[in-house]
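> Before I ask anything, let me first share the structure, which is written out below as structure tokens.
The values are calculated or read from the model by the stated rules, or taken from the named source; none is laboratory data. Worth saying up front: this structure is predicted, and the values here are computed from it rather than measured. Positions of Cβ are generated from backbone atoms using ideal geometry, with glycine treated the same way; all protein chains shown enter the neighbour counts. Accessible surface is based on the protein model in full, side chains and every heavy atom, while ligands, DNA and RNA are left aside. Shrake-Rupley method; radii C 1.70, N 1.55, O 1.52, S 1.80 Å.
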Amino acid sequence: MSFDLILRGGRVIDPSQKLDATTDVAFAGGKVAAIGAELRAGAQTEVRDVAGLIVTPGLIDLHTHVYWGGTSLGIDAEEFCRTSGVTTSVDTGSAGPGNFAGFRKHVIEPSQVRILAYLHVSHAGIFGFSNRVMVGESEELRLMDPISAAEVAEANRDLIVGIKVRVGRHSSGASGIVPLEIALEVAEQVGMPLMCHIDHPPPTYEEVVARLRPGDVLTHAFRPFPNTATTAQGTVKRVVLEARDRGVLFDIGHGKGSFAFKTARAMLANGFYPDTISSDVHALCINGPAFDQVTTMSKFLCMGMPLADVVEASTLNAAMALRRPELGSLKPGSVGDATLVAVEEGRFDYVDVVGEHMTGDRKIASKGVVIGGRWWHPKPSKEVRSAG
């Protein structure tokens, strides 16, 4: 077989194959073609020497907001993904059924990076989220649009992976749990998973988690008090353990206000790792405290989560949450996406959403990405040299 690209001599970590070894990865026709030592290059094969770097399946950020220009919280997906090692950006409810067509035509379809979406059950998605205007879209029940949401989800199954809803005092106000009930009905109707945001009560963490089904995602799962997953004694709440036992997925969704070191330390101490690690990157947190996907991953690495588990939470587990098994893997035949990172040692300052700082001794740094079997990076890298 003739290869388009070979990544030569990197440490390949692929949890989907339980693989952690120094070897080559080859791509052809937009897919992963082979993994093995000293793969033979053809006359037209681009070869990249990645010795000393880690090669993972393309990172999936399960919680982003990339409806750039369509919502005030949207960021540019391509710019973000080039620098953060992400190859699949999952937008979580920026658009609803009333404006998804514009999101699809003007942002998703022209993008070189893959964008998938959870469709908001509210008509216009998250429309009032800025430094000057902050309106909880789920607070106004007249904006709930279940019939249109079901229709748009059915018509866009190639891109829409689930239904999104936000509940909590800041997002649903006096409407409480009702928007979640409406969103669950839509998700049931179209046979898709639900992603639920939670912020301050009401409703309570317990009320929300108790309603979620197997395969549904609770994002902001490691948020600070109030509405946190842990008890005052530092144990995991029983309703959380019961939810995981029945298949509910717990996602980080760091963002501006939804991740606390205190909660994370307690959860990890109890052996409760997040199913997925995501940044919830948007216009109000891209310059801190979330920054990007690799920074969020670095926080968990520095808190003691093994590197292979951190990678799994950002690749294989995310792909399974999306029900897209062709992603998050370097198995031959999988989508030809890969991320190159280095784990740098030193003293690094990390901050959570309540202002607590942690000094970490390691940092996961993005060094390049492969998308669709092609090298895709903004500038030449001294760490990744052409060997052709």
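> Kindly point out which whole DSSP H helices in the chain project their C-alpha atoms 18 angstrom or further along the helix axis while averaging a Kyte-Doolittle hydropathy of -0.5 or above.
Qualifying helices: 178-190.
> Given that just one value was derived from the coordinates, which of [x] 34, 24, 18; [y] 38, 25, 20; [z] 37, 21, 20 is semi-axes √(5λ) of the Cα gyration tensor in Å?
Computed from these coordinates, semi-axes √(5λ) of the Cα gyration tensor in Å corresponds to label [x].
> Now a separate question. Given 0.36 nm per residue, what is the gain on full extension from Thr204 to Thr235 after removing their alpha carbon distance, in nm?
Computed gain between Thr204 and Thr235 is 9.4 nm.
> A further question on this structure: Placing +1 on the Cβ of each Lys and Arg and -1 on the Cβ of each Asp and Glu in the chain, which of Pro110, Val209, Leu59 has its Cα farthest towards the positive end of the resulting dipole?
Farthest towards the positive end: Leu59.
> Which links in Lys164/Lys363; Lys105/Lys367; Lys164/Lys367; Lys18/Lys164; Lys164/Lys256 stretch past 21 Å when you go from one Cα to the other?
Numbers: Lys164/Lys363 31 Å; Lys105/Lys367 30 Å; Lys164/Lys367 32 Å; Lys18/Lys164 32 Å; Lys164/Lys256 18 Å.
The answer is Lys164/Lys363; Lys105/Lys367; Lys164/Lys367; Lys18/Lys164.
> Using a 1.4 Å probe on the protein heavy atoms, what percent of the accessible area of the chain belongs to carbon and sulfur?
Roughly 51 percent of what the probe reaches on the chain is carbon or sulfur.
> While we're on this one: Is it possible to state the helix-based mean residue ellipticity at 222 nm for the chain, with each DSSP H run of 4+ residues giving -39500 (n - 2.57), the sum divided by total residues, to the nearest 500 deg cm²/dmol? What is it?
Theoretical 222 nm ellipticity from helices: -6000 deg cm²/dmol.
> Right, next: Residues in the stretch 196-234, backbone N under 11 Å from the label point at Asn270 (7 Å along the Cα-to-beta-carbon vector): list them, ranges by number please.
In the stretch 196-234, the label zone of Asn270 (backbone N under 11 Å from the point 7 Å along Cα→Cβ) covers 228-234.
> Treating only the Cβ atoms of Lys and Arg (+1) and Asp and Glu (-1) as charged, compute the dipole magnitude of the chain about its Cα centre; round to the nearest 20 debye.
Rounded to the nearest 20 debye, it is 520 debye.
> Further, regarding this structure: Subtracting the Cα-Cα distance from 0.36 nm times the residue separation, let me have the gained length for Glu326 to Gln44 in nm, one decimal. Mind showing how you got there, number by number?
Values: separation 282, 0.36 × 282 = 101.52 nm, distance 2.62 nm.
Stretched out fully, the Glu326 to Gln44 stretch lengthens by 98.9 nm.
> Would you work out which of Ala41, Leu194, Gly253 lies farthest towards the positive end of the dipole of the chain, given +1 charges on the beta-carbon of Lys and Arg and -1 on that of Asp and Glu, about the Cα centre?
Going by the charge dipole, the pick is Ala41.
> If you average the alpha carbon positions of the stretch 160-224 and of the stretch 270-296, how far apart do those two centres end up, in angstrom?
19
> Starting at 0 and stepping by 10 Å, how many percent of the alpha carbon pairs of the stretch 87-224 end up in each bin?
Spelled out bin by bin, the stretch 87-224 gives 13, 46, 34, 7, 0 percent.
> Follow-up. Taking the alpha-carbon distance from Lys299 and a cut-off under 19 Å, which aspartates and glutamates remain once sequence neighbours fewer than 8 residues away in the same chain are dropped?
Cross-link targets: Asp61, Asp251, Asp275, Asp280, Asp309, Glu312, Glu344, Glu345, Asp349, Asp352, Glu356, Asp361.
> With a Förster radius of 35 Å, plug the Cβ-Cβ distance of Ala174 and Glu79 into 1/(1 + (r/R0)^6) and report the FRET value to the nearest 0.05.
Rounded to the nearest 0.05, the efficiency is 0.35.
> On a C-alpha basis, how far is the centre of the stretch 308-355 from the centre of the stretch 45-65 in Å? Whole number, if you could?
Measuring centre to centre over Cα atoms gives 9 Å.
> According to a simple spin-label model (label point 7 Å from Cα along Cα-to-Cβ), what is the distance in nm between Met134 and Asp245?
My value for the distance between the label points is 3.7 nm.
> Under a 1.4 Å probe, what is the accessible area of the stretch 310-368 per residue, stated in Å²?
That works out to 40 Å² for each residue.
> Can you give the FRET efficiency to the nearest 0.05 for Glu185 and His357, using r as the Cβ-Cβ distance and R₀ = 41 Å?
Working: r = 43 Å, r/R0 = 1.04.
Computed FRET efficiency for Glu185 and His357: 0.45.
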